[in-house]
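Have a look at the structure below before the remarks.
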Amino acid sequence: MSPIEAEAAYRWCEEITRRAAGNFYYGIRLLPPHKRRAMCAVYAFARRVDDVGDGSLPPDEKERRLELARVDLASMSPDSPDPVLAALGHARERFALPVSALGELIDGVTMDVHEACYDHAGELEVYCRRVAGSIGRLSVAIFGASDGVRAARRADDLGIAMQLTNILRDVREDGSRGRVYLPKEDLRRFDCPDDLSAAPLHSVEALVRFEADRARSWFATGLELLPMLDSRSRACVGAMSGIYRRILDRIERRPSDILCGRIALPASEKAWVAARSLVPL
């Protein structure tokens, strides 16, 4: 792949990321160009996989396409005619990306296709590690860290924290798709049915605060990653995690709002969080 071809492949991935990444892009735009481009390549592939899982195709077709994505991982190369696979192959050569983590992402999305539900928090943790912790581990490979093994573990934890926040934020949207991520044992504990809109309001509020507290515990361990990173990578992680923690704050303040729709921050607040993350620890 020539430098011009590599640049074109990365630009393709950056456009996907800029258009679709939302909270994610506020963090990665703080990175130096070579790391930012690699992160966009990872995101573009992850977006492709997520779109299969969240799309309207029949389950059999979704599974077929996810298996094709897995085949693509085995053959990705900087010389691929597919710009996402070309950029990802180029990034892998530069940053030694753990490609197995992308396979785990596919495993996690396959769980969605099968409409998996979770009896216990430990089962949900497996799902979160696959769909979000995997991206954390790939990110650490791009960032570099003073202790790579420990940093990967903490990035995994931070991915779980963010995914648990997503699950709370998207309760209504996921419910419309027939997906229930909250552990059955927790629903029983607070006398809530799968459809939270049919539960007493006080039960919903107690359940949501319980789940938010679990997410905060994962944030506490995951953010131990920050001192292991260089300043720009630390700012990236700080921005992304900061946005998610503020969403969690809002959910905790008004738990029943999750029944009305997705909780989101305005762009101005996201930009403020990103700017603050540039302040040295």
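Do the conditions hold for residue 180, that is, is it in contact with a Phe, Trp or Tyr (Cβ under 9 Å, 6 or more places away or on another chain), in a loop (DSSP other than H, G, I, E, B) and on the phi < 0 side of the Ramachandran plot?
Yes; evaluated as a whole, the condition is true for this residue.
Answer yes or no: is there a residue in region 108-126 that is buried (at least 20 other Cβ atoms within 10 Å of the Cβ) and of a type in the set (Gly, Ala, Ser).
Within region 108-126, one or more residues are buried (at least 20 other Cβ atoms within 10 Å of the Cβ) and of a type in the set (Gly, Ala, Ser).
Would you mind finding the one in 178, 159, 222 that is under 30 Å from residue 55 (Cβ atoms) and modelled with pLDDT under 95?
That would be 178, the only listed residue that is under 30 Å from residue 55 (Cβ atoms) and modelled with pLDDT under 95.
I need the full set of residues from region 11-60 which are among the β-branched types (Val, Ile, Thr) and either closer than 21 Å to residue 127 by Cβ or more than 17 Å from the chain's Cα centre (by Cα) (or both), in order please.
Across region 11-60, the qualifying residues are 42, 49, 52.
Residues that are more than 21 Å from residue 134 (Cβ to Cβ), assigned to a helix (DSSP H, G or I) and touching a Phe, Trp or Tyr at 6+ places or on another chain (Cβ under 7 Å): does region 229-241 have at least one?
Checking region 229-241: not a single residue is more than 21 Å from residue 134 (Cβ to Cβ), assigned to a helix (DSSP H, G or I) and touching a Phe, Trp or Tyr at 6+ places or on another chain (Cβ under 7 Å).
The values are calculated or read from the model by the stated rules, or taken from the named source; none is laboratory data. Everything numeric in this text was worked out from a predicted model, so none of it was measured. In this analysis, Cβ positions are derived from the backbone assuming ideal geometry, glycine residues included, and neighbour counts consider all displayed protein chains.
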